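The structure appears right after this line, and notes come after that.
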Amino acid sequence: MLARRYEAPTVEQVLDHIRQDLGPDAVVLYARERKPPWWWRWLDPGGVEVIAMPRFAPPAPPPRWRAAAPIRLTRGRCRRVAFVGPTGAGKTTTIAKLACEFRLRGWDVQLVAGDTWRVGASRQLVEYGKALEVPVHPLSALERNLHAEVLLVDLPGVHPSMGQRWEEVRNVLSRARPHEVHLVLSATTSSAVLRQVQKDVVELSATRCVLTHLDEVDSPTLQEALAAVDLPLSYLTYSPEVPGDIASARSRTARRWLPWG
């Protein structure tokens with residue numbers, strides 16, 4: 001039972017007892033002055049009786065998050081979209097998922113394998129491209145006028161302290177001239193690291209965020225991640241499988257994974 005009963009000779013004494021026991025924000029539920037019959041007061045002088053309970057803070061509201069529009073394509077026009085973020089966040093897998101989605105809808109999709117630092121990253125994207133029947137180009141292809149309706153550019157995991165790699169990513173973005181830059185973050189990353197990553201890569205001009213690995217975290221961890229993400233969410237992924245398991249943040253599928261924003 002959360003409520004407790006207190007007695008003391010005076011109001012000041014009983015309130016002092018309650019504050020010491022339940023804290024300064026305790027809630028008084030009931031109070032009365034207790035006066036026994038006059039012939040009994042030599043044994044019981046009476047006093048004050050109070051029933052009180054501790055005050056509980058209301059549950060924290062779910063984190064507010066914003067849903068950005070998904071990638072918008074136009075027939076006959078090329079939309080260049082680059083993906084940046086830390087190593088292991090899921091950039092290559094996200095690109096493969098999106099390439100499959102656009103390919104199934106009849107769009108002309110092409111990929112640029114820009115992660116030349118991580119061992120096997122380019123080969124992984126090439127294998128995805130073969131399976132999806134989607135062309136995969138090296139970075140040098142950015143100098144040519146690639147005829148595609150959507151060009152997805154994969155970039156290496158970066159941090160400003162990485163020196164040469166950081167400069168290379170900046171140069172690739174300058175050459176690619178992307179219409180959109182999506183920052184890929186993993187929900188398994190601590191909220192403190194998520195906030196720091198967003199500060200570190202602000203120079204790369206990302207305007208949207210892809211949140212990955214939702215299937216690997218519990219609800220409290222996901223809420224912490226959402227609270228730490230400042231950019232609006234464009235997509236979320238919830239398994240490493242390709243194709244599938246990717247959803248626009250504005251879709252009904254996203255609402256099943258995320259609390260209301």
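The values are calculated or read from the model by the stated rules, or taken from the named source; none is laboratory data. Since this is a predicted model, take the numbers as computed values, not measurements. Glycine also receives a Cβ, built like all others from the backbone with ideal geometry; neighbour counts cover every protein chain displayed.
Quick look at the numbers
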| item | result |
| --- | --- |
| Some residue of the stretch 162-169 being of a type in the set (A, V, I, L, M, F, W, C), in contact (Cβ under 8 Å) with a residue 40 or more places away in the chain and within 30 Å of residue 144 (Cα to Cα) | yes |
| Residue that is buried (at least 18 other Cβ atoms within 10 Å of the Cβ), within 26 Å of the chain's Cα centre (by Cα) and of a type in the set (S, T, N, Q), where the choices are 186, 191 | 186 |
| Some residue of the stretch 228-245 being touching a residue at least 60 places away in the same chain (Cβ under 8 Å) and in contact with an Asp or Glu (Cβ under 7 Å, 6 or more places away or on another chain) | yes |
| In the stretch 228-253, residue farthest from residue 96 (Cα to Cα) [restricted to those that are hydrophobic (A, V, I, L, M, F, W, C) and at pLDDT 90 or above] | 228 |
| Every residue from the stretch 197-212 that is out of contact with any strand residue (DSSP E or B) (no Cβ under 7 Å at 6 or more places or on another chain) and exposed (fewer than 15 other Cβ atoms within 10 Å of the Cβ) | 199, 202, 203 |
| Qualifying residue in the stretch 44-56 (condition: surrounded by 13 or more Cβ atoms within 10 Å (Cβ to Cβ), at pLDDT 90 or above and not in a strand (DSSP E or B)) | no |
| Residue that is farthest from residue 132 (Cα to Cα) [pool: residues in the stretch 225-256 that are surrounded by 18 or more Cβ atoms within 10 Å (Cβ to Cβ) and not aliphatic (A, V, I, L, M)] | 234 |
| Candidate set: the stretch 57-75, residues that are small (Gly, Ala, Ser) and modelled with pLDDT of 90 or more; chosen: the one nearest to residue 8 (Cα to Cα) | 67 |
| Among (1) touching an Asp or Glu at 6+ places or on another chain (Cβ under 9 Å); (2) at pLDDT 85 or above; (3) over 23 Å from residue 68 (Cβ atoms); (4) among the hydrophobic types (A, V, I, L, M, F, W, C) - the single one residue 117 does not satisfy | (2) |
